[in-house]
Amino acid sequence: MAKTKPGKKDLDSYTIKGTNKVVRPGDCVLMRPSDSDKPPYVARVEKIEADHRNNVKVRVRWYYRPEESIGGRRQFHGAKELFLSDHYDVQSAHTIEGKCIVHSFKNYTKLENVGAEDYFCRFEYKAATGGFTPDRVAVYCKCEMPYNPDDLMVQCEGCKDWFHPSCMGMTIEEAKKLDHFLCFDCSSDDDAKRTLNAFPVSPSVEAKVNIVSHLPSTTTAGDKAKEEMTDNHDG
């Protein structure tokens, strides 16, 4: 009579081979791709288990990079942006190369230094349909694009909206030197007729313009923040 094979057992942790780094359920990890020319895949570990031969496997929920999504990478996608997908899988724990951190968008924008292990996620992604949650996102500047945290922006002291220097006819270097900034809509008609390189200054405001490389909070973005559909990331 054949013996019944022992069942699988859940593990609380797994130590990455050749390192002292410990992975636990809920951690985000970098996983070795089959194609060595590709960057490592990013996944969230949902479960760790070992079989009767002590082979360790991990149940993961994949993150997709923008270029891996149906809509592809768009201008507002950050270099370290990921989408949390509904694609689950079971992989050998030996394919885990290291750990990483996938921050919320808000927390990512507060990082003073972005390390190689730092990523961020602001959308969940349905792998089969290419749909996103949320399907609306605030947009800024006259180009009405969602915020890319890699891009520097300047805030108008009038309407409190945020603008890309290039959309205002400035270089990044010129924007960094500004003490005050008013967008064309908030400047007077006469000022608006000036050349693109001449920017009106508000003498009543002494605070320097807040030049940022991250998304302003909803309180500072003001009522000018608009909504844009991003159902397929190609609209």
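The values are calculated or read from the model by the stated rules, or taken from the named source; none is laboratory data. Not measured: the values here are computed from a predicted model. All Cβ positions, even for glycine, are placed from backbone atoms using ideal geometry, and neighbour counts span all protein chains on display. When the accessible area is computed, the model is the full protein with side chains, heavy atoms only, and any ligands, DNA or RNA have been set aside. Shrake-Rupley method; radii C 1.70, N 1.55, O 1.52, S 1.80 Å.
Would you call residue 108 closer than 15 Å to residue 27 by Cβ and within 12 Å of the chain's Cα centre (by Cα)?
In short, no.
Among the residues of segment 161-179, which ones are more than 28 Å from residue 82 (Cβ to Cβ) and buried (at least 18 other Cβ atoms within 10 Å of the Cβ)?
168, 170, 175 - these are the residues of segment 161-179 that are more than 28 Å from residue 82 (Cβ to Cβ) and buried (at least 18 other Cβ atoms within 10 Å of the Cβ).
Can you pull out every residue in segment 87-131 that is more than 29 Å from residue 165 (Cα to Cα) and either touching a His at 6+ places or on another chain (Cβ under 8 Å) or among the small types (Gly, Ala, Ser) (or both)?
Selection gives 92, 93, 98, 127, 128, 130, 131.
Out of 157, 206, 173, report the one residue that is farther than 24 Å from residue 103 by Cβ and modelled with pLDDT of 90 or more.
Answer to the selection: 173.
Please specify each residue of segment 107-127 satisfying the condition of being exposed (fewer than 13 other Cβ atoms within 10 Å of the Cβ) and without any contact (Cβ under 8 Å) to a residue 12 or more places away in the chain.
112, 113, 115, 116
Out of curiosity, is residue 76 within 17 Å of residue 119 (Cα to Cα), in a loop (DSSP other than H, G, I, E, B) and open to solvent by less than 30 Å² (accessible area, probe 1.4 Å)?
yes
Could you go through segment 137-158 and let me know if any residue there is under 30 Å from residue 185 (Cβ atoms), surrounded by fewer than 15 Cβ atoms within 10 Å (Cβ to Cβ) and among the acidic types (Asp, Glu).
Scanning segment 137-158, I find at least one residue that is under 30 Å from residue 185 (Cβ atoms), surrounded by fewer than 15 Cβ atoms within 10 Å (Cβ to Cβ) and among the acidic types (Asp, Glu), so the answer is yes.
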